[in-house]
Amino acid sequence: MSTASTNAGARRGMKIDLHVLGPILALVALIGIGIALNSNFLSYGNITNVLARSAFIGIIAVGMTFVITAGGLDLSVGSMAAFIAGLMILCMNLLVPSMGQSLGVILIGIAVALAAGLVAGAINGLLVTRAGIEAFIVTLGTMGIYRSLVTWLADGGTLSLDYGMRELYRPVYYDGILGVSWPIIVFAIVAILGEIVMRHTAFGRHCAAIGSNETVARYSTVAVTRVKTLTYILLGCLVGVAVVMYVPRLGSASASTGLLWELEAIAAVIIGGTVLKGGFGRVWGTVVGVLILSLIGNILNLTDMVSPYLNGAIQGVIIILAVVLQRKGSTAT
Amino acid sequence: MTAPTLALHDVSKSFGPIEVLHGVDFDLRPGEVHALIGENGAGKSTMMKILGGYLSPTGGEVRLDGQRAAFSDSAEAEAAGVIMIHQEFNLADHLSVEQNVFLGREIRRGIFLDHKTMQAKSRDLMEALEARVPPRTRVSDISVPEKQMVEIAKALSRNVRVLIMDEPTAVLTGAEARVLFKQVRRLRDEGAAILFTSHKLDEVSEIADRVTVLRDGAVVAQGGIDEFTEDAMATAMVGRDVSDLFPAKRAGGDEIILEAAHVDVPGHVTGASLSLRKGEILGIGGLVGAGRTELMEGLVGLRPRTGTVTLKGTSLPGGDVACARRRGFVYLTEDRKGAGLLLDKSLTENLTLPVLHRYARPLIDRKAEAAALDKAITDFDIRVPSRDVKVGNLSGGNQQKLLLAKTMLCDPDVVVIDEPTRGIDIGTKQQIYTLIHRLAEEGRSIIVISSEMPELIGLCNRVYVMHGGHVAGELTGSEVTEDNVIRLATGLGSQREDAA
């Protein structure tokens with residue numbers, strides 16, 4: 001152990017650079033591979049497609065960065081997204097007879113999604129902080145609950161948005177300004193705000209302090225319970241935002257909506273260089289992590305060298321590699 | 001006189017450049033109970049660990065039955081019948097009592113464990129110790145004294161020639177200690193040699209046959225128990241020149257700034273009352289585990305408490321440490337690394353953590369933070385190779401100064417400083433004493449918790465001494481002597497009745 005740390009100490013400068021630059025280099029390499037393999041890779045259509053599909057996981061992963069930085073974890077976000085989507089569609093369908101196919105229905109639907117996200121996040125947060133149950137257990141439980149609830153709401157099938165409403169709501173996913181579609185714009189705004197909050201506000205610093213050593217944070221009069229609860233609430237709200245962008249895409253929700261989103265979001269956070277045990281997080285890294293994961297899938301789809309069915313295997317290798325690199329980085333410091 | 005079982009011959013021990021034991025000669029004979037006493041930091045634990053094979057001496061030798069014995073680790077010592085029970089328990093919390101007693105030495109029948117025999121044996125052992133714990137109970141579910149008994153049962157279950165116990169009674173009540181002593185006497189009568197440390201001098205008188213007194217890493221007195229009165233032991237333990245380490249003492253003003261009445265901290269402190277005057281440096285003495293830290297953490301709101309606390313004339317709510325900070329009352333922890341500083345973060349992040357809201361409007365003003373760090377580095381003489389260094393890489397003294405700076409950034413009126421100089425070299429100690437003094441001159445009121453007698457005596461004009469969760473007494477002015485503090489701390493001559 002001591003020899004290992006001395007070795008690492010001698011090469012510290014290089015290690016830290018790799019820790020910072022690693023995800024960016026990986027992203028650049030992937031883009032290079034993509035360009036080399038398919039001339040269509042850089043086309044407007046492909047780029048827009050990759051980014052818009054990344055947006056849902058990306059928005060959630062920004063919230064996940066805060067939860068993990070503060071030493072927590074949330075496994076329930078995929079199920080939560082499915083449940084909120086189901087709830088939102090149900091509410092909108094219920095309102096159509098009385099309010100007609102109007103903008104008002106969409107606004108109420110959006111409000112329902114955001115409120116449900118807030119409440120769901122608060123439940124996770126309060127169970128972790130007030131009841132003192134481990135985050136892994138709490139969110140494993142709520143993950144099962146939400147998945148089951150959406151299956152029940154859909155009666156085992158699919159909840160579909162009223163056809164007319166779907167036409168009205170569609171532009172939220174498919175349109176945009178200046179050729180940039182709304183999901184990409186929203187993802188960018190969330191990411192930029194997230195980066196600012198993480199690096200430049202007391203809340204972000206407090207998250208890192210709690211994740212680094214909760215006792216020290218408590219003795220330093222940081223409102224530990226409030227900050228930790230807020231990270232889960234923030235994540236819940238962002239799940240709501242992701243759902244608002246997701247529902248117009250297909251106009252439906254089923255038991256398989258949002259399946260494995262939690263794992264993709266957590267993977268993106270870790271690939272981006274946030275420490276799984278907490279104490280250090282960076283939102284820009286998470287954004288890079290999300291892009292890396294979606295580009296792998298995209299490249300496999302565009303080329304026929306490797307079967308797209310191996311997408312998950314390659315993502316898995318990347319995640320493990322990222323953590324191995326991270327551990328080397330942390331022994332150096 | 002019987003030949004010693006285990007002996008130290010001219011043993012010294014250094015940690016890095018610091019020698020903590022200087023040429024110690026010591027012997028432990030079969031059929032005796034030997035007490036090792038001394039102040040915190042005198043080298044008792046180090047000496048015991050050398051005897052138990054946990055540490056090897058830097059100079060001199062350990063002799064077992066007159067032969068040079070170089071135990072390379074504790075397992076070798078245990079194989080030779082030398083068993084040590086640590087102050088911190090060495091138990092697997094999730095295993096049962098029986099599993100712990102026989103851990104690593106399980107009784108087998110063929111390839112299977114012989115649960116029946118092990119249970120029966122551990123039940124017998126626990127009953128002999130009058131701890132009625134079923135052998136199948138998980139260790140995490142039993143009380144602290146019961147854990148101590150499990151440790152002792154573990155030792156008793158082996159062939160013990162030498163039993164070394166580091167403060168075995170610190171966590172036991174008087175009655176539990178009696179039971180332990182009965183077993184200790186039984187072992188002694190069977191010919192075992194027993195070494196133990198205790199801060200409770202009445203216990204030493206009761207159980208020990210011989211006494212060795214350590215001070216500053218050297219044996220200063222040794223002899224049969226009948227040669228020592230309890231007072232003589234206390235006198236031998238203390239007696240050290242502390243003349244110019246400390247600035248001149250100062251008494252506080254008349255205004256009472258903090259008052260605690262009948263404060264209970266569940267499980268640690270009962271019925272504690274105290275008062276602090278403006279500009280005073282008040283001392284809290286007592287042994288480790290007497291409830292000093294817990295009382296102060298209770299007052300400031302880090303632990304639940306009952307009773308009333310009045311700060312600057314108005315009552316302070318319990319359990320709200322942020323409120324206490326806002327009203328100018330802060331606590332500086334004794335646990336620098338576990339509760340005081342974020343070791344993997346920079347100086348700045350640590351410094352401004354408690355008052356980060358002052359620098360965030362709403363974005364953190366990094367220039368103002370840098371200016372605060374500059375000021376802290378100058379004011380508290382923090383010596384760092386670079387400002388970006390992680391706090392975990394600083395020396396203990398610089399960490400402590402940073403922790404002081406962090407605490408003072410809250411601009412408090414009342415500061416509790418718990419063990420201000422633990423693990424710090426003498427030069428930095430003096431600086432810290434001067435800093436504490438300066439704070440008092442600025443009109444702040446300071447409570448110093450210390451296990452180091454010279455520190456209490458050198459800094460404080462008034463001292464409360466705690467013993468077993470109570471405030472055992474109050475000493476003022478010329479009454480503040482090592483002798484008086486030790487008497488109160490060890491439960492001799494409690495003033496509790498008179499004070500009340």
Exercise for the section: Answer yes or no: is there a residue in the stretch B:141-149 that is in the same structural domain as residue B:27 (by TED's automatic domain parsing), open to solvent by less than 50 Å² (accessible area, probe 1.4 Å) and over 30 Å from residue B:467 (Cα atoms). Expected result: no
Practice task
Report, by residue number, each residue of the stretch A:246-260 that is at negative phi and surrounded by fewer than 24 Cβ atoms within 10 Å (Cβ to Cβ).
Solution key: A:248, A:249, A:250, A:252, A:254, A:255, A:256, A:259
Practice task
Check whether at least one residue in the stretch B:300-321 is open to solvent by 10 Å² or more (accessible area, probe 1.4 Å), touching a residue at least 12 places away in the same chain (Cβ under 8 Å) and in a helix (DSSP H, G or I), and report yes or no.
Solution key: yes
Exercise for the section: Would you check if there is a residue in the stretch B:272-293 being over 25 Å from residue B:460 (Cβ atoms) and open to solvent by 40 Å² or more (accessible area, probe 1.4 Å)? Expected result: no
Handout entry: Lone qualifier among A:196, A:189, A:185 - being assigned to a helix (DSSP H, G or I) and within 14 Å of chain B (Cβ to nearest Cβ)
Key = A:196
Completion exercise
The helices (runs of 4 or more DSSP H) lying entirely within the stretch A:89-180 that contain at least 2 residues which are open to solvent by 60 Å² or more (accessible area, probe 1.4 Å) and among the β-branched types (Val, Ile, Thr) are A:103-129, A:135-153
Fill in the blank from the handout: Taking the stretch B:214-227 and the residues there that are more than 18 Å from the chain's Cα centre (by Cα) and not in a strand (DSSP E or B), the one that is surrounded by the most Cβ atoms within 10 Å (Cβ to Cβ) would be B:225
Practice task
Could you identify the single residue in B:211, B:204 that is assigned by TED's automatic domain parsing to the domain that holds residue B:129, part of a strand (DSSP E or B), within 24 Å of residue B:11 (Cβ to Cβ) and of a type in the set (A, V, I, L, M, F, W, C)?
Solution key: B:211
Handout entry: Leading residue by the ranking (farthest from the other protein chains (Cβ to nearest Cβ)) among those in the stretch B:398-432 that are part of a helix (DSSP H, G or I) and under 19 Å from the mean Cα position of the chain (by Cα)
Key = B:429
Handout entry: Qualifying residues in the stretch B:327-336 (those that are more than 7 Å from every other protein chain (Cβ to nearest Cβ) and outside any strand (DSSP E or B)) - the one nearest to residue B:418 (Cα to Cα)
Key = B:334
Exercise for the section: Go through the stretch B:444-484 residue by residue and tally those that are hydrophobic (A, V, I, L, M, F, W, C) and part of a strand (DSSP E or B). Expected result: 10
Handout entry: The listed residue being surrounded by fewer than 23 Cβ atoms within 10 Å (Cβ to Cβ), of a type in the set (A, V, I, L, M, F, W, C) and within 11 Å of chain B (Cβ to nearest Cβ), out of A:288, A:224
Key = A:224
Exercise for the section: Filter the stretch A:53-81 for residues that are in a helix (DSSP H, G or I), of a type in the set (A, V, I, L, M, F, W, C) and either closer than 21 Å to residue A:288 by Cβ or under 8 Å from the mean Cα position of the chain (by Cα) (or both) and give the result. Expected result: A:55, A:56, A:57, A:59, A:60, A:61, A:62, A:64, A:66, A:67, A:68, A:77
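Quick grid of which residues meet (1) assigned to a loop (DSSP other than H, G, I, E, B); (2) under 20 Å from residue B:300 (Cα atoms); (3) in contact with a Leu (Cβ under 6 Å, 6 or more places away or on another chain); (4) more than 14 Å from every other protein chain (Cβ to nearest Cβ):
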residue: B:325; (1), (2), (3), (4): no, yes, no, no
residue: B:338; (1), (2), (3), (4): no, yes, no, no
residue: B:348; (1), (2), (3), (4): no, no, yes, no
residue: B:353; (1), (2), (3), (4): no, yes, no, no
residue: B:367; (1), (2), (3), (4): no, no, no, no
residue: B:373; (1), (2), (3), (4): no, no, yes, yes
residue: B:381; (1), (2), (3), (4): yes, no, no, yes
residue: B:392; (1), (2), (3), (4): no, no, yes, no
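The values are calculated or read from the model by the stated rules, or taken from the named source; none is laboratory data. Keep in mind that this is a model prediction, so the values were computed, not measured. Ideal geometry is used to build each Cβ from the backbone, glycine not excepted, and the neighbour counts take in all protein chains shown. Surface areas here come from the heavy atoms of the whole protein model, side chains and all, with no ligands, DNA or RNA. Shrake-Rupley method; radii C 1.70, N 1.55, O 1.52, S 1.80 Å.
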